[in-house]
Amino acid sequence: MNILLTGGTGLIGQQLCRHWLDQGHRLTVWSRRPEQVGKLCGAGVRGIAELQDHGDAPLDAVVNLAGAPIADRPWTASRRAQLWGSRITLTEHLLAWLEHREQRPAVLISGSAVGWYGDGGERELTEASRPVKEDFASQLCIAWEETAQRAEALGIRVVLVRTGLVLSAGGGFLSRLRLPFKLGLGGPIGDGRQWMPWIHIDDEIALIDFLLQRDDASGPYNACAPEPVRNREFARRLGRALHRPAFMPLPAVVLKAGLGELSTLLLGGQRARPVRALAAGFTFRFNDVQSALDDLSTRL
């Protein structure tokens, strides 16, 4: 299969490339730094700086994961514009290019996040749920998905992957917690009652591959383990996996003062479940967070 990826040099993209290379697929990554693609994604992956560089080569699938990290810094006006441009504007550019191609891919798998629902409180959220509270992160995901869905008018099947917190030893969420927890300074965020939808990196890769292979897959899928946990429980279990205490809370007032609206990502949450993935027959390797953290702990 000929696959084009955006965001291929990111945490999920790199793992996808290596997984699909092993399966014999032909991969191209659209990147601002195409010269680094081979090193980061695998020697067999082609990097291009412009979509036009892809030429008229056959294209079976597009996987659109590009997007500046949402939690790296406070949401100033300039940062909001960057987050919007790296998702919505980039996807619009991608669709304009696809529209002018004579041969189009059968499927577009486009990234999103469980933040699409906003802060869900105690409500259980499935793919049939509507947004609960539209904060900036929710609005960003809604616009991203709506933009990607325009590909259906081009005869392209669209799959939307609403990813939770990805647990990986190679970066992402856990990399930020590693040092404070190893120093014995880890603990719950705020009151610790907020729900955390999480997914092991191996299950994230397996689910995207599963959706790529299914001709009947379309629409949104929650990419999170069947058993979400509250933040307090997650902190306790991460401490157990690292053999460290986890009782130092991070007060909500400190987060709000330092991060502004970005703090809503940490103080809110989603009790999301992967109803559609399970109904389609996908099997999660890591269903409970302790088994996922134990698997990763030796590499943290």
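The values are calculated or read from the model by the stated rules, or taken from the named source; none is laboratory data. Quantities reported herein were computed from a predicted structural model and do not represent experimental measurements. Cβ coordinates were reconstructed from backbone atoms using ideal geometry, including for glycine residues, and neighbour counts include every protein chain displayed.
Take the conditions (1) touching a residue at least 40 places away in the same chain (Cβ under 8 Å); (2) in contact with a Cys (Cβ under 7 Å, 6 or more places away or on another chain); Thr91 misses just one of them, which is (2). Might you let me know whether region 168-184 holds any residue that is surrounded by 15 or more Cβ atoms within 10 Å (Cβ to Cβ), touching a strand residue (DSSP E or B) at 6+ places or on another chain (Cβ under 6 Å) and modelled with pLDDT of 95 or more? No, there is no match, as no residue in region 168-184 is surrounded by 15 or more Cβ atoms within 10 Å (Cβ to Cβ), touching a strand residue (DSSP E or B) at 6+ places or on another chain (Cβ under 6 Å) and modelled with pLDDT of 95 or more. Sub-9 Å Cβ pairs linking a first residue in region 44-72 that is assigned to a strand (DSSP E or B) to a second residue that is among the hydrophobic types (A, V, I, L, M, F, W, C) and exposed (fewer than 15 other Cβ atoms within 10 Å of the Cβ), at least 6 apart or interchain, are Ala61/Ala106, ordered by first then second residue.
Residues that are in contact with a Ser or Thr (Cβ under 8 Å, 6 or more places away or on another chain), modelled with pLDDT of 95 or more and in a loop (DSSP other than H, G, I, E, B) within region 125-146 are absent altogether. Scanning region 254-270 for residues that are of a type in the set (Gly, Ala, Ser), free of Cβ contacts under 8 Å to residues at least 40 places away in the same chain, surrounded by 19 or more Cβ atoms within 10 Å (Cβ to Cβ) and not in a strand (DSSP E or B) turns up at least one hit. Of all residues in region 201-236, those that are surrounded by fewer than 19 Cβ atoms within 10 Å (Cβ to Cβ), within 24 Å of Leu300 (Cα to Cα) and without any contact (Cβ under 8 Å) to a residue 60 or more places away in the chain total 2. Among the residues of region 94-119, not one is of a type in the set (D, E, K, R) and surrounded by 22 or more Cβ atoms within 10 Å (Cβ to Cβ). Of the residues making up region 27-43, just one is in contact with a Gly (Cβ under 8 Å, 6 or more places away or on another chain), surrounded by fewer than 19 Cβ atoms within 10 Å (Cβ to Cβ) and not in a helix (DSSP H, G or I), namely Arg33. Looking at region 1-26, which of its residues are among the hydrophobic types (A, V, I, L, M, F, W, C), surrounded by fewer than 18 Cβ atoms within 10 Å (Cβ to Cβ) and in contact (Cβ under 8 Å) with a residue 60 or more places away in the chain? Within region 1-26, Met1 is the sole residue that qualifies.
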